[in-house]
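*Asks:* Starting off with a structure, shown below.
A short reminder: the numbers here are calculations on the coordinates, not readings from a lab. Just so you know, these numbers come straight off a predicted model, no measurement behind them. Cβ placement follows ideal geometry from the backbone for every residue including glycine, while neighbour counts extend to all protein chains displayed.
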Amino acid sequence: MSDALPSPATRWIPPRGDVLLAAGLLLSGILSSWLGLVAGFYQGEAAGLGTALVYSVALSAPLAFRRRFPTLCLVIVAAVFYAGGSLRVSDLYVGQIALFIAFYGVGAWVLDRRRAVVIRALVTVGMFVWLLATLYLDTADPDPDGPSMAGAFSPFAAYALIQILVNMAFFAGAWYMGDRAYASALQRGALEERTAELEREREVTAAQAVALDRVRIARELHDVVAHHVSAMGVQAGAARAVIEKDPDAARTALAGVETSARSALHELRQLLETLRTPDGGSTEGSTLSVEDLHDLVAYADENGLPTTYAVIGDPRPLPDVVQVNLYRIAQEALTNARRHAGPDARADVRLRFERDGVELEITNTGRVATPMRPGLGLVGMRERAAASGGTLEAGPRVRGGFRVRVHVPLPAAPPAAPRDDAAVTTGAVR
């Protein structure tokens, strides 16, 4: 059974590179055995060329499947190598190379690491047992032309020691390189998986960025269009009601419609310029701040919603994004009051500067739209409050009307000196 088999349909189709490797070792084994015979290895005791041919085929053929069946490949190659040494096949080098490759393959491709350790340990022990047995047989039946055994450290002892040391280095190197290859494959797999995960995260992030941009654009368009169109509707209705009785008042109302239209076009142009700039910033910079709330209140008052405005506490610098969002929240709240609270409604805007934050409250009298359901305006106000790091409360008041309150925390300001005019109030502009 394969140790690294991805698909049954391809289990008997070895990779092209492994087939070429096996073919190269086959030719090399035949050539090495023939040259060994010519050179006189084993001095007449060497196996014939036919045996060497069978040995070379049996040694090299399993390597074509070394990635599909690494464990079986090592067992076959090791057995053929031992048999070749016992039969005195005159190849002295290609067999060792084939054994190294098979040994390395078990360490590199067997997924069951315990099996990889056990099979390599058994092959290593078997090799040293075979080597010691061969050396013992040589001492029992010494070759007259071989190394001398005379002396405390005889030439034969040196020969035996070098055989043991070379084989130890051989198997240790194959073991280490196989494990390193397996660890490198795991690292590459983890890196590829992480790369794919990062690519998926990048796609999700890009999609989220597009969605956030769409939400931001929708919010800005709603704030600009709803505010001015609402005022234009009130002004046009007033002009229609008095056009026969009071032409001057109708002209004044129509002039207000024109002014509202121009303001809407100006703000839309600023929004489009902001969207066209590469960094998303306005080419003229933001012109909205909490200081513009006075003009916003005056605009609401002139267009049918009597409104008062108060600044409580000591004004302090606010981040630009907070100022823009507070302005837009006040604008949306006043627009909703003008649209839903009725003709007799009044509104009050209060901006409180506290030691640990800033609070904006917009209240109005009159009726509450029924049934109460969150519209795009309330959703946009909550998004702006969250974008500023604050919270928003919106709902009907017990004594009637509606309240919108947003609180944005800020770094604590140093204590201010006592003053009598802690609140500066500006009445409705009539």
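*Asks:* Using the count of nearby Cβ atoms within 10 Å as a rough guide to exposure, how do L288, L360 rank from fewest to most?
*Replies:* L288, L360
*Asks:* Assuming R0 = 22 Å, can you tell me the calculated FRET efficiency for the pair A209 and L271, based on Cβ-Cβ distance, to the nearest 0.05?
*Replies:* Computed FRET efficiency for A209 and L271 comes out at 0.75.
*Asks:* Karplus couplings for region 343-355 from phi (6.51 cos²θ - 1.76 cosθ + 1.60, θ = phi - 60°), rounded to Hz, Gly and Pro as x?
*Replies:* Once rounded to whole Hz, the list reads x, 9, 6, 10, 10, 9, 10, 10, 10, 10, 9, 9, 5.
*Asks:* Can you work out the Karplus-derived ³J(HN,Hα) for every residue in region 163-176? Use 6.51 cos²θ - 1.76 cosθ + 1.60 with θ = phi - 60°, whole Hz, and x for glycine or proline.
*Replies:* 4, 5, 5, 5, 5, 4, 5, 4, 6, 5, x, 5, 4, 5
*Asks:* Something else: Between I217 and D295, how high is the FRET efficiency from 1/(1 + (r/R0)^6) when r is the Cβ-Cβ distance and R₀ = 25 Å? Nearest 0.05.
*Replies:* Details: r = 25 Å, r/R0 = 0.99.
Efficiency for this residue pair is about 0.50.
*Asks:* Given a Förster distance of 22 angstrom, what is the FRET efficiency for L111 paired with R180, based on the Cβ-Cβ distance and rounded to 0.05? Can you show the working numbers first?
*Replies:* Working: r = 16 Å, r/R0 = 0.74.
About 0.85, to the nearest 0.05.
*Asks:* Right, another one. Quick one: which residues, 5 or more positions from S90 or on another chain, have an amide H under 5 Å from its amide H? H modelled 1.01 Å from N in the peptide plane, none for Pro or chain starts.
*Replies:* Amide H neighbours of S90: A47.
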